[in-house]
1. Return yes when A:Asn102 is open to solvent by 60 Å² or more (accessible area, probe 1.4 Å) and closer than 21 Å to A:Ser67 by Cα and no when it is not.
2. Are there any pairs with C-beta distances below 7 angstrom linking a residue in region B:24-45 that is open to solvent by 70 Å² or more (accessible area, probe 1.4 Å) to a residue that is not in a helix (DSSP H, G or I), with the two at least 6 apart or on different chains, and if so which?
3. Confirm whether A:Gln132 is more than 19 Å from B:Leu42 (Cα to Cα), at pLDDT 95 or above and open to solvent by 10 Å² or more (accessible area, probe 1.4 Å).
Amino acid sequence: MKKFFILAATALLLSACSTLQSIVPNVAPDTAQSIAAAQVSYEGLASAAEIYINSGKATPAVLKSISQVNEVAHSAVASAVDALAACPVDATTKKYDSTCANGAAVQGALSTATSALQQFTTLLNTQGVSTQ
Amino acid sequence: MNPSVIIAIVEGIINAVPSVISAYQSWVAVVNSGADPTVAQLRLTEAAVDALYFKIKTLTAAAAAQGAAPAVNG
């Protein structure tokens, strides 16, 4: 019974992953869309981390590392959102002001967030946790 | 590995994946529309991000306190 459940659950999981891989944007995301993507990326990483922690396989040292990268990544993503939210929005195009969105403050925050998310990804991958 | 642990991991993945797929699909829809996410949309997602952040913070602290032996269904 347990083997059947595991096989069925694995099939569902593979189906879900297949669905995710088949969905891609038709155009390259701009800065604002990249920041939104960073939020989605954080959600995926945190969900993967939660599952890994609950598996009981994490050592105290790894738990400490997860805690640290979680703090850094969350803070960096939140800072990027705050930086972008400070930019004016064009009422017609519904786009953020490009000069502001492409400015040092927003781009720097996005770069920091991207780097922090990469560290989170690397840590989980090092522990054998898939983040795809 | 204990079968109950395997089941717990798979259950956890299945529970987590749909919400991540949903968030990803929403993001793709925004990109394809050509519009930028509004501040309200970003803040809405931020609330979900915050919830996960506090969850991981609590889980790591609890696991560390228990000598890396956290509850399976956290």
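1. no
2. B:Gln25/A:Ile23
3. No.
The values are calculated or read from the model by the stated rules, or taken from the named source; none is laboratory data. Nothing here was measured: the structure is a model prediction, and the numbers come from that model. Counting neighbours? That spans all protein chains shown, and the Cβs are built from the backbone with ideal geometry, glycine included. The area values use the complete protein model at the heavy-atom level, side chains included, leaving out ligands, DNA and RNA. Shrake-Rupley method; radii C 1.70, N 1.55, O 1.52, S 1.80 Å.
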